[in-house]
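Participant: I have a structure I would like to understand better, so I am pasting it below and will then ask my questions one at a time.
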Amino acid sequence: MSVFNSLEYDDLISRHRQSSDILWALKYWHHPLFDIKEQSIKSTKLINKNTQISSIITPVHYKTLPRNSEQIKSDVLNSLALKYTIETLDNEANGYEQAKAIIHEMSHRLNIRSARFLAFVFSKIFNQVYENIYINRRGMDNIYQLYSLTPINTSPTIPSSPITISSTLFAILNTFSRSSSSINSDTNLSSPLTTKHYLTSPRIIYLPTHRSYMDFIVLTYVCFEYNIPMPCIAAAQDFLGLGLLANLLRNCGAFFIRRSFRSDQLYWTIFDEYVKTHLVHGDYPLEFFIEGARSRTLKTLLPVRQGMLKSCLECYFRRQIDNLILIPITINYEKVLEDNLHANELLGIPKPKESKSGLLKATQILKKSFGTMNIHFSDPIYVHDAYESFKKQEENKSNNHSDTFNRSVPRSLQPRFICQQDAFTVSEQKFSDEISYRVVNEQQRRTVIYPITIAAYSLLKSPIVTTSKDRSILIEQLVIDKNILFTENTNILEHFSSQYQISWPVENDKIILKDRLLSIYSDVFEMTRNNFLTLKMSGDRLADASILMKLIMYRNTCLHIFAKPAYILLACQVNSQFPISYEQLKTYYHFFVHLFAYEFVYDQFPMDNMNDIYFDKYLSYWITMNYLIPSDNSTYQINSNFLQQISLITSPFEQYARAYLLIYEQENLSSEKNLSILIKIYQKALLTKLDPNNIISILASSSNVISNALRTLNFTTKSKILSELRHMLTKIFQPKSTHLRAKL
Amino acid sequence: MATEGKGDTATTATTTTSPTIPLHRQELLKWQGWGYRDSRFFINSNGLIEFSGSRYLLSGHVLPRLKDWMFSKLNASIDNYSPSVQEPNPDYIQEPILNNSFITDFQSTLGSTVQYSADMNDRLFHGHGHTLEEIWKLRNGGKFERLPDWVVWPRSHSDVEKIVRLAVKHNICLIPFGGGTSVTWALLCPTNEKRMIVSVDTSQMNKILYLDEKNLTARIQSGIIGQDLERELAKKGYCTGHEPDSMEFSSLGGWVATRASGMKKNVYGNIEDLVVHVTMVTAKGTIEKSCLGPRQSIGPDINHVIMGSEGTLGIVTEVTMKIRPLPASKKYGSIVFPDFESGVACLREVARLRSAPASIRLLDNEQFLFGQALSTDNKGMLHSLVDNMKKLYITKIKGFDINRMCAATLLFEGTTNEVNQREKFVYDIAQKYNGMPAGEENGLKGYTLTFMIAYLRDIGLDYRIVAESFETSVPWDRVIDLCRNVKKRIITECEKQGVKHPPFSSCRVTQTYDAGACVYFYFVMNYNDIRQGGDPVHIYELVEEAARDEVLANGGSLSHHHGVGKIRTKWIKQAVSDLGVGTMKSIKEYLDPDNIFGSKNLIPESDEVNEHLKAKL
């Protein structure tokens, strides 16, 4: 089954199965750059003396690093930025009390003992529910290099010897004794990197995808495994409801921030300062989810966590640090832990509040198998290099004569100790948008496609699944469809997403494929007749919709690969009676690009009047594939021999477009301005008409799709209005859509 | 081609001085390196590095640890010997462009009083400064695209007036030349200059015209060099206290034209604080203020138009400068700190309390270790024992890390009482920042080494090592970040450019101000085994450019005292805004409409020309 060979990928599970979890959890772990034992009595004296003198040039002693959470808190509380903010808020008496409360609520308490506990518990869990956890070696080597460690050609040593009392004792001694020293500073000194080593530690930000609660733990777990510093993780405050578990997360590096606090200057300052202090001192890497939320749809979300990223980038723009290293991480789950919850939530069945009882229920999932997890660390993005080339690009782009009356204050004139929300210059703002897109794209490029995605693609190709024929599929068909989607079209896929991987049985082994789908997704599939994979539809409206929703979710994981090229096919397909001109085709193409601006993440956010450079590339590709037939006067028509393939590829996009139409056809429900309330109103209206056998109807009832459709409206208000969009969509799907409405 | 005028030997000066530098500089000074011909580092018969000559404290001494440092830290090797060419190759000297009507006019009116030369060696010496690029070219027999066509040696203000008048009349390009120690390409002739270029060497204008002991000022001709000025004033019991590191060779006029800074500015001030009155000959005539009042509110200060003009507006001829009685007491000192951050914090505190000694400099760890390598001769057993004990005390008992610690050197000047008080005060502050006094001797050594640094580059070049320094000034809160980031940028940039051996990247804080500090960077790179076909000077330039960009991004200035010249014009707009450049331009256009002072320093002409210049060099 595995396409992840051991040369490129390290498999944690297979290693852990061979060794003791407790020994592993108690192994010797140390920070690669800082040696706590260096803090001798004499040098602690030095430190104390230094901190007593409140100098303007914060004399951070290298020997105080890494700081514990209390020190970090007090650094934030004593920061000039906070002092300044409290002074401007004119509420000095209360200000510090409030600040203390806020930081107490926010702060992490990362410590190695809790990490060991977590490592132990989760190694048990992971070994139970996952068949493999793959990590790309190259990514890990990169990180090792950043920490000036020797790359891991040989896997990190894990006591693999049979457990004896003495070895356990030794391990425990090793953990708690302060005298054992394993950092050999002399050998470090001889390396040419030493000079750098003393200059500064790497400022790393891990940016994983967010599909599951598991994401919070996975990276810490991996860092512990590989002996690299564990990150501090930005988490939403909702998690505080988890009580004890929230505390465990806190002890493992999670810090909790409110959902929205733009207007709260005090909170903003503390948050900003808290993030910055980690980077400025470089004692802990940071981790946050650039998508801002768990993607219930399993699709990549547009990057939104701007505040966090901006705080980080500002440290670089202010040159408090010399460089910032972003590491996008793609965590691919074969089965997402809470896919049930996700599906229900999308259908408006409210998500249970994070609570302990919910967790207890969750323990049942331990009995299931969740297949494979693939964690891909992308190559580091060096912000300095990216910004330099960005600036050069901007210079070349326009010979802009700066307006001498409308100057933006350069960084070198801005005070560095004041927390300003709008300190970013135009080009810095543009850069931060660009880099966040780059990160999300990098994550998207590393998608792993599991068999479920192809099964979902196949099963959902016709929008209506009323008959039992629609609800089941022959295993052979899966292989055929896989070939259409991924084998025949490798070229074009390469262009958009060169790095995707398919996890597929060797030589299309159908028995393995069948067993795998049945065993992992037993809640979705059942076997009927011979070699027919059938959906487990019960007849219950919501339950059936939820099953289909799950399939839609798994199909979503690969849609970004097809989106743009498929728009061309889609435009031709709906006009299949007549040849379509180049100009018209291009208009349609751009129409779809804009329509799905929020639905699918492209390489950049579509601009008004954009002229997509990929259009011609995709067009000529479909022509070489013989899917489209060009005629003399540069018009194009679909090759009817390939109708089956084409409709397979375009099916999801047609469904999405129709779902949008359905949403836009809702009579003006409300003049509500608040988007989230508006979404609820729409969803309520659409759910009443929900047809559990109609994928378009299910899509249109998904809160995510509604939200994206409405946001598209907002975003296009300048150039297009609702009626125009509706008109265009109706025009495209006219015949069928009237029919559909009649049916509903 | 050696036409040479006969100088009038009669002088009108009140004080006769015996100038150190001869008319033909190359007779005393190296033509392809720094300083005196007789003073240089070399590897002696014992295979150790020795300093030759007898001019310096270090002269005739062996530096036993230096070679090891060079070979181990920089991976240099004795086999990679790359000596300089011995004599300038005449083929590489471009034919002069001569304006005959000017020459005839000059010879008939000034020929008897002002010396001049069209000799190849004079022309070569006046056509360059001391950046790595220039020295590299000289050492490797490279061709300068354009050199001065003539060199003239005026002896007085009126000589200069006459020369400028002739130049305007015949449309000649004039480039003033003081000590020739520029490190900004300011002396390079613009390659696209089609007119005859005359280098005006002020070295014969080297007299102190008078001393005014009532007001404690002196009227001095601009060509006098630092060491002569101090020596002559000292004879009368005075000093100016202006001591830039180049004071052995640089001239008063040059200091004014580049806004120089001396290491003892804490007591005596920088050049702008020292100058009371200045006279400059422009293409339109002489510009000066008509009053010696100590401070005046008469519009934007004309003195400040002259200071920093870098030879683009005219020739500074005479300066009235403050003088001070020689200090009764002079004392060196040094402090070691556990790390650079503590050192900077201490310097900041010293500056905050305005209690800085005449000079205070903080070396970072790299330079501190390098300083150890520069110690002379192996000392006796007892001495090294004491040294070892000291080292043990500092590292083991005080908890200092040898790879972190750094040192400050101090110089106190004033009355004995003042000096003692100030010394105690400074050491008390230092103690708060974990600093430990490390003795007078180390301080003295530190300051004598100042003059050696420039010589060291020449031996480096002999063994395929290139080196350069650059400076900036920066607000206090950014000092530490700037130092760390720039040093790191140098290293990463070297890596990016395919430099195989780790470069030496180091800095020191050399001046403290109320609101910031001056930081000096040293960058040394072994260019062996660089990427195939890589040009070391080009790589070096890219690294320096990246480092300068980093300095600016960190809030550092374009220059603290070196000036802009032609090497940094591409950043001047960013530094002073479009309108700032426009202001400078309009002054230039008013004072010098025909661009007689056509050195093209300071103001970027247009982007293409800049590129052109770079390509040519």
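Participant: Is it the case that region B:422-431 has a residue that's on the phi > 0 side of the Ramachandran plot and touching a helix residue (DSSP H, G or I) at 6+ places or on another chain (Cβ under 9 Å)?
Facilitator: no
Participant: State which residue is modelled with the highest pLDDT when the search covers only region A:285-295 and only residues that are out of contact with any Lys or Arg (no Cβ under 8 Å at 6 or more places or on another chain) and surrounded by fewer than 24 Cβ atoms within 10 Å (Cβ to Cβ).
Facilitator: Here the answer is A:L286.
Participant: Can you name every residue in region B:554-602 that is within 13 Å of chain A (Cβ to nearest Cβ), of a type in the set (G, A, S) and either in contact (Cβ under 8 Å) with a residue 40 or more places away in the chain or not in a helix (DSSP H, G or I) (or both)?
Facilitator: Across region B:554-602, the qualifying residues are B:G555, B:G556, B:S557.
Participant: Hey, can you tell me all the residues within region A:239-288 that are within 19 Å of A:D422 (Cα to Cα) and outside any helix (DSSP H, G or I)? Break it down into steps so the answer makes sense when it comes.
Facilitator: Going through region A:239-288, the residues within 19 Å of A:D422 (Cα to Cα) turn out to be A:260-276.
Matches in region A:239-288: A:S260, A:F261, A:R262, A:S263, A:D264.
Participant: While we're looking at this one, here's another question. Against the condition touching a Leu at 6+ places or on another chain (Cβ under 6 Å), at negative phi and among the aliphatic types (A, V, I, L, M), how does A:A657 come out, does it pass? Quick ask: steps written out before the conclusion?
Facilitator: Working: touching a Leu at 6+ places or on another chain (Cβ under 6 Å): no; at negative phi: yes; among the aliphatic types (A, V, I, L, M): yes.
Here the answer is no, as A:A657 does not meet what is asked.
Participant: Sticking with this one: If the requirement is being farther than 30 Å from B:A408 by Cβ and of a type outside the set (V, I, T), which of these qualifies: B:G223, B:G262, B:G254?
Facilitator: Values: B:G262 fails: farther than 30 Å from B:A408 by Cβ; B:G254 fails: farther than 30 Å from B:A408 by Cβ.
Just a single option satisfies the conditions, and that option is B:G223.
Participant: For region B:507-523, check the following and say yes or no: at least one residue is in contact with a helix residue (DSSP H, G or I) (Cβ under 7 Å, 6 or more places away or on another chain), surrounded by 22 or more Cβ atoms within 10 Å (Cβ to Cβ) and either free of Cβ contacts under 8 Å to residues at least 12 places away in the same chain or farther than 30 Å from B:V267 by Cβ (or both).
Facilitator: yes
Participant: Within region B:239-323, which strands (runs of 3 or more DSSP E) (wholly inside it) include 2 or more residues that are of a type in the set (A, V, I, L, M) and out of contact with any Lys or Arg (no Cβ under 7 Å at 6 or more places or on another chain)?
Facilitator: Where strands (runs of 3 or more DSSP E) fall fully within region B:239-323 and carry at least 2 residues being of a type in the set (A, V, I, L, M) and out of contact with any Lys or Arg (no Cβ under 7 Å at 6 or more places or on another chain), they are B:275-282, B:314-322.
Participant: Can you go through A:N611, A:N626 and tell me which one is part of a loop (DSSP other than H, G, I, E, B) and under 32 Å from the mean Cα position of the chain (by Cα)?
Facilitator: Within the list A:N611, A:N626, the selection yields A:N611.
Participant: Still on this structure, please answer the following. Picking from A:F424, A:F405, which residue would you name as being within 14 Å of chain B (Cβ to nearest Cβ), out of contact with any strand residue (DSSP E or B) (no Cβ under 6 Å at 6 or more places or on another chain) and either assigned to a loop (DSSP other than H, G, I, E, B) or more than 30 Å from A:L77 (Cβ to Cβ) (or both)? It would help to see each step written out before you state the result.
Facilitator: Working: A:F424 fails: within 14 Å of chain B (Cβ to nearest Cβ).
After applying the criteria, what remains is A:F405.
Participant: So which residues in region B:85-117 are out of contact with any Leu (no Cβ under 7 Å at 6 or more places or on another chain) and buried (at least 18 other Cβ atoms within 10 Å of the Cβ)?
Facilitator: Across region B:85-117, the qualifying residues are B:N99, B:I103, B:L110, B:V114, B:Y116, B:S117.
Participant: Can you find even one residue in region A:451-459 that is at pLDDT 80 or above and under 30 Å from A:L245 (Cβ atoms)?
Facilitator: Checked region A:451-459: at least one residue is at pLDDT 80 or above and under 30 Å from A:L245 (Cβ atoms).
Participant: Please tell me if A:N674 is at pLDDT 85 or above and among the polar types (S, T, N, Q).
Facilitator: Against the criterion (at pLDDT 85 or above and among the polar types (S, T, N, Q)), A:N674 does not qualify.
Participant: Answer yes or no as to whether A:R529 is of a type in the set (K, R) and on the phi > 0 side of the Ramachandran plot.
Facilitator: yes
Participant: Could we say that B:G343 is under 27 Å from the mean Cα position of the chain (by Cα), surrounded by 15 or more Cβ atoms within 10 Å (Cβ to Cβ) and within 12 Å of chain A (Cβ to nearest Cβ) here?
Facilitator: In short, yes.
Participant: Please verify whether B:I335 is closer than 27 Å to B:R231 by Cβ, crowded, with 23+ Cβ neighbours inside 10 Å and touching a Ser or Thr at 6+ places or on another chain (Cβ under 9 Å), treating the condition exactly as stated.
Facilitator: So B:I335 fails the test.
The rows are residues; the columns are (1) within 14 Å of chain A (Cβ to nearest Cβ); (2) surrounded by fewer than 18 Cβ atoms within 10 Å (Cβ to Cβ); (3) assigned to a helix (DSSP H, G or I); (4) of a type in the set (G, A, S).
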{"residue": "B:K390", "(1), (2), (3), (4)": "no, yes, yes, no"}
{"residue": "B:I402", "(1), (2), (3), (4)": "yes, yes, no, no"}
{"residue": "B:F412", "(1), (2), (3), (4)": "no, no, no, no"}
{"residue": "B:G446", "(1), (2), (3), (4)": "no, no, yes, yes"}
{"residue": "B:G460", "(1), (2), (3), (4)": "no, no, yes, yes"}
{"residue": "B:V466", "(1), (2), (3), (4)": "no, no, no, no"}
{"residue": "B:E471", "(1), (2), (3), (4)": "no, no, no, no"}
{"residue": "B:V474", "(1), (2), (3), (4)": "yes, no, no, no"}
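Participant: Among (1) modelled with pLDDT under 80; (2) surrounded by 14 or more Cβ atoms within 10 Å (Cβ to Cβ); (3) outside any loop (DSSP other than H, G, I, E, B), which single condition is A:H16 missing?
Facilitator: For A:H16, the exception is condition (1).
Participant: Looking at region B:36-46 only, could you name the residues that are touching a residue at least 24 places away in the same chain (Cβ under 8 Å) and either surrounded by fewer than 19 Cβ atoms within 10 Å (Cβ to Cβ) or within 18 Å of B:V85 (Cβ to Cβ) (or both)?
Facilitator: From region B:36-46, those touching a residue at least 24 places away in the same chain (Cβ under 8 Å) are B:39-43; that's our starting set.
Scanning region B:36-46 gives B:R40, B:F42, B:I43.
Participant: With respect to B:Q532, is the statement that it is within 12 Å of chain A (Cβ to nearest Cβ) and at pLDDT below 95 true? If you could, list the steps in order and put the result at the bottom.
Facilitator: Values: within 12 Å of chain A (Cβ to nearest Cβ): no; at pLDDT below 95: yes.
The answer is no for B:Q532.
Participant: Name, by its number, the condition in (1) away from chain A (no Cβ under 14 Å); (2) modelled with pLDDT of 95 or more that does not hold for B:L362.
Facilitator: (1)
Participant: With the checklist (1) modelled with pLDDT under 95; (2) in contact with a helix residue (DSSP H, G or I) (Cβ under 8 Å, 6 or more places away or on another chain); (3) under 22 Å from B:Q227 (Cα atoms); (4) not in a loop (DSSP other than H, G, I, E, B) in hand, flag the one item B:E341 doesn't pass.
Facilitator: (3)
Participant: Of A:Y284, A:Y316, which residue is among the hydroxyl-bearing types (S, T, Y), within 14 Å of chain B (Cβ to nearest Cβ) and more than 26 Å from A:I349 (Cα to Cα)? I'd like the intermediate steps shown before the answer.
Facilitator: Details: A:Y284 fails: within 14 Å of chain B (Cβ to nearest Cβ).
Only one candidate qualifies: A:Y316.
Participant: Would you mind stating whether B:V316 is modelled with pLDDT of 95 or more, under 22 Å from the mean Cα position of the chain (by Cα) and more than 14 Å from every other protein chain (Cβ to nearest Cβ)?
Facilitator: Judged against the criteria, B:V316 is a match.
Participant: Residue check, A:A657 against (1) of a type in the set (G, A, S); (2) in contact with a helix residue (DSSP H, G or I) (Cβ under 6 Å, 6 or more places away or on another chain); (3) under 20 Å from A:L729 (Cβ atoms), all met but one. Which one?
Facilitator: Every listed condition holds for A:A657 apart from (2).
The values are calculated or read from the model by the stated rules, or taken from the named source; none is laboratory data. All of these numbers come straight from a predicted model, not from anything done at the bench. Reconstructed Cβ throughout: ideal geometry from the backbone, glycine too, with neighbour counts over all protein chains shown.
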